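Below is the structure I would like to discuss, written out as structure tokens.
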Amino acid sequence: MSRPRLVLFDVDGTLLSSGRKGLDSFSEALRRTFGTEGDVASYRFEGRLDPVIVFELMRDAGIPDDVIVERRPAALSLYLDLLEEALSAHPPALKPGVADLVARVSASPSVVPALLTGNVQRGARIKLTAAGLWNHFHFGVFGDEAPRRVDLGPIALARALERTGRPFSPSETVVVGDARADVECGRAIGARVVAVATGRTSVEELRAAGADVVLSSFADVESACEAILA
Ligand SMILES: [Mg+2]
């Protein structure tokens, strides 16, 4: 009998990539809502929360804070409509090994697979449904639930208790992600962090950020499973 584990997966760069479709939908929603997409070309999206991304891009583009706050729900809603349409025709590409890895992790009776992501809930659902993975996760904590990613960790622990009736200790909790922000978020709750360099952050950077294990990808599913459930 394996030990109980709460496994908190990031989405973009870790499980899948929505690539151009995701970025185009986001940019178009900003243009239509605010008249500008801001400097999306040089903005570093990884590890950030979607509502915060809208705020930072638009503030840098000179949009007043009160206008951003007022129009942000409409911008996000339009982004999600455009994303859903785009991904229904072109599903996101799963990262190597991910389909097998998620199936194996979620088949383990003592393991609770869940999401901890900067996507708003509907965004995560659209991406993971299009990729065929949504039903594997017991619950999620999303980018519209706190102002900072690091605040999502405690929410995840509380939700795990609420949903399973069982508290998960830090040593029973694993954060899996591809960005420095994932590592910081995991460390802040004392969880183990398994980082994967399939996003935009290198193995070296993830190691320097303090991840317990860094993998170049999940292509070797056996090793990835071992690292996560160790
Ligand atoms: Mg990510």
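The values are calculated or read from the model by the stated rules, or taken from the named source; none is laboratory data. It should be emphasised that the depicted structure is a prediction, and the values quoted were computed from it without experimental measurement. Quick reminder, even Gly has a Cβ in these numbers, built from the backbone with ideal geometry, and neighbours come from all protein chains shown.
Provide a single number: the residues in region 195-230 that are basic (K, R) and touching a Ser or Thr at 6+ places or on another chain (Cβ under 8 Å).
Number satisfying all stated conditions: 0.
If S171 meets every condition in (1) part of a loop (DSSP other than H, G, I, E, B); (2) polar (S, T, N, Q); (3) over 19 Å from A103 (Cβ atoms) apart from one, which number is that one?
With (1) part of a loop (DSSP other than H, G, I, E, B); (2) polar (S, T, N, Q); (3) over 19 Å from A103 (Cβ atoms) applied to S171, the lone miss is (1).
Here is a further query. What number of residues within region 7-26 satisfy the criterion of being part of a strand (DSSP E or B) and among the hydroxyl-bearing types (S, T, Y)?
Final tally of qualifying residues: 1.
From the residues in region 198-223 that are surrounded by 19 or more Cβ atoms within 10 Å (Cβ to Cβ) and under 22 Å from A99 (Cα atoms), which one is farthest from the ligand (Cβ to nearest atom)?
Ranking the candidates gives V213 first.
If R148 satisfies all but one of (1) closer than 26 Å to L76 by Cβ; (2) modelled with pLDDT of 95 or more; (3) surrounded by fewer than 17 Cβ atoms within 10 Å (Cβ to Cβ), what's the number of the condition it fails?
Just one mismatch for R148, condition (2).
Within region 44-137, which helices (runs of 4 or more DSSP H) (wholly inside it) include 1 or more residues that are within 15 Å of the ligand (Cβ to nearest atom) and hydrophobic (A, V, I, L, M, F, W, C)?
Of the helices (runs of 4 or more DSSP H) lying wholly inside region 44-137, those with at least 1 residues that are within 15 Å of the ligand (Cβ to nearest atom) and hydrophobic (A, V, I, L, M, F, W, C) span 50-60, 98-107, 121-130.
Given the structure, is E226 without any contact (Cβ under 8 Å) to a residue 24 or more places away in the chain, more than 16 Å from the ligand (Cβ to nearest atom) and within 14 Å of V112 (Cα to Cα)?
When the stated conditions are applied, E226 does not pass them.
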